[in-house]
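The values are calculated or read from the model by the stated rules, or taken from the named source; none is laboratory data. Owing to the predicted nature of the structure, the values given are computational and were not obtained by experimental measurement. Please note: Cβ atoms are built from the backbone with ideal geometry, for glycine as well, and neighbour counts cover all protein chains shown.
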Amino acid sequence: MVDLSVQLKALRLKNPVMTASGTFGYGEEYLDFMDLSRIGGIIVKGTTIRPREGNDYPRMAETASGMLNAVGLQNKGVNYFVKNIYPRICDFDTNVLVNVSGSTVEDYVQAAEIIQELDKIPGIELNVSCPNVKEGGMAFGVSAKALCQVVKEVRAVYRKHLMLKLSPNVTDITVLAKTAEEQGADSLSLINTLLGMAIDAEKQRPKLSTITGGLSGPCVKPVALRMVWQTYKAVKIPVVGMGGISNTADAIEFMLAGASAIQVGTANFIDPVVSVTIAEGIEDYCQRHGLKSASELTGALRLD
């Protein structure tokens, strides 16, 4: 038997497969298709301190081997989540983490404090790709100074597992990764979407109401893989890899590059049970390669 469990510091996953925020709703939406207990965890959709309507339509567009989205973190706010969503999902037999977003440091801190009181939520994932309204709209995740502040202040009030979701829209991902580690992040997840754009040539107009949006899907995988490898070499805390993972081979590649666990995102829209298929595939891969545990894959890339 292969031991599929992995440790993200004190957070134990029964296997390395998680689902990415924004692509899996609150998990309820997939109950008709799969048994959630067969994966390591789910990251529920982005949650903010106050309700958000999201961006105007159109806010999704297909691209070659991927998609652009500009949903805009549409949600009913953290208090609605606590009162109406949490009671329905708290007994899922898997780890449920909440993706936390905000426009100010205070937003993140307040949301983290509220979620901390939920006994069956073992951690949060900070989405630092949001624009910092107090700094002219620059995303928290592209400024080491802004990232330092938000992680430090959330860490001061949040005692459970703190995962930091890194933006790829930077020159050197390792600078931000090390900053997050120094300020107390327990793990890092990467990559978030790449900034992209699509144009309708016939209409001579952008395909998204916001003009630009977040690019995800298989097309971003080579970039994501490179950043995971660079980050793994730069920090000591666990790395959770994502970006274009569509099958078992993709997941294995991310783990070889240094990921302790992975998140499946856009592929959930194509195949609602793909995360379970990947978890089973990792077990089969380990058996075929004589590995006793999935954790042996992390950073095992051969360079000789």
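Of all residues in region 63-88, those that are in contact (Cβ under 8 Å) with a residue 60 or more places away in the chain, surrounded by fewer than 17 Cβ atoms within 10 Å (Cβ to Cβ) and touching a strand residue (DSSP E or B) at 6+ places or on another chain (Cβ under 8 Å) total 2.
For residue 50, the requirement of being more than 24 Å from residue 260 (Cβ to Cβ), in contact (Cβ under 8 Å) with a residue 24 or more places away in the chain, surrounded by fewer than 18 Cβ atoms within 10 Å (Cβ to Cβ) and not hydroxyl-bearing (Ser, Thr, Tyr) is met. Being within 20 Å of the chain's Cα centre (by Cα) and either over 19 Å from residue 116 (Cβ atoms) or at pLDDT below 95 (or both): is that true of residue 57 here? No: the conditions fail for residue 57. Residue 154 - would you say it is over 29 Å from residue 270 (Cα atoms), in contact with a strand residue (DSSP E or B) (Cβ under 8 Å, 6 or more places away or on another chain) and of a type outside the set (D, E, K, R)? Answer is yes for this residue. Taking region 89-143 as the range and being outside any loop (DSSP other than H, G, I, E, B) and out of contact with any strand residue (DSSP E or B) (no Cβ under 9 Å at 6 or more places or on another chain) as the test, the residues that pass are 105, 106, 109, 110, 113, 114, 133, 134, 135, 142. When residue 257 is tested against (1) of a type in the set (Gly, Ala, Ser); (2) more than 26 Å from residue 123 (Cα to Cα); (3) modelled with pLDDT of 95 or more; (4) touching a Leu at 6+ places or on another chain (Cβ under 6 Å), exactly one condition is not met: (2).
Under 30 Å from residue 200 (Cβ atoms) and either out of contact with any Cys (no Cβ under 7 Å at 6 or more places or on another chain) or surrounded by fewer than 20 Cβ atoms within 10 Å (Cβ to Cβ) (or both), is that true of residue 55? In short, yes.
Restricting attention to region 245-273, the residues that are buried (at least 21 other Cβ atoms within 10 Å of the Cβ) and β-branched (Val, Ile, Thr) add up to 5. The sole residue among 177, 156 that is surrounded by fewer than 18 Cβ atoms within 10 Å (Cβ to Cβ) and not in a loop (DSSP other than H, G, I, E, B) is 156. Note on region 144-175: among residues that are closer than 24 Å to residue 219 by Cα and of a type outside the set (Ser, Thr, Tyr), the one that is farthest from the chain's Cα centre (by Cα) is 172. Note on region 60-92: among residues that are of a type in the set (Phe, Trp, Tyr) and either at pLDDT below 95 or out of contact with any Ser or Thr (no Cβ under 6 Å at 6 or more places or on another chain) (or both), the one that is nearest to residue 264 (Cα to Cα) is 92.
When only residues in region 86-143 that are of a type in the set (Val, Ile, Thr) and touching an Asp or Glu at 6+ places or on another chain (Cβ under 8 Å) count, which is nearest to residue 156 (Cα to Cα)? Explain how you work it out, then say what you get.
Filtering region 86-143 for residues of a type in the set (Val, Ile, Thr) gives 89, 94, 96, 98, 100, 104-105, 109, 114-115, 121, 124, 128, 133, 142.
Filter once more, so that each one left must be touching an Asp or Glu at 6+ places or on another chain (Cβ under 8 Å): 89, 98, 100, 105, 109.
On the way: 89: 27, 98: 18, 100: 16, 105: 12, 109: 9 Å.
Ranking the candidates gives 109 first.
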